Amino acid sequence: KTFSRRVTEAGVVSQAELDAIDKEVGALIERAVQEAKAAPLPQAADLTTDVYVSY
């Protein structure tokens with residue numbers, strides 16, 4: 001809230017513009033969550049690929 005207050009008081013952006021940004025970001029996040037939930041679970045063999053290990 002501090003950031004929002006500072007930029008609106010400074011006239012950098014309006015509250016309506018910040019609200020629009022929040023709405024857009026929320027929609028992007030919701031879409032990503034739905035895609036992740038709809039995606040198939042990884043196969044057991046995939047669980048150990050692309051894992052960084054330092055010995």
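The values are calculated or read from the model by the stated rules, or taken from the named source; none is laboratory data. Quick caveat, the model's predicted, so the values are computed rather than measured. All Cβ positions, even for glycine, are placed from backbone atoms using ideal geometry, and neighbour counts span all protein chains on display.
Among all positions in the range 14-22, there is no residue which is hydroxyl-bearing (Ser, Thr, Tyr) and either touching a Cys at 6+ places or on another chain (Cβ under 6 Å) or at pLDDT below 95 (or both). Taken over the range 1-44, the criterion of being in a loop (DSSP other than H, G, I, E, B) and of a type in the set (Gly, Ala, Ser) is satisfied by ALA10, GLY11, SER14, ALA39.
So, LEU47, is that one of a type outside the set (Phe, Trp, Tyr), farther than 30 Å from THR2 by Cα, more than 12 Å from the chain's Cα centre (by Cα) and in a loop (DSSP other than H, G, I, E, B) or not? Taking the combined requirement at face value, the residue does not satisfy it.
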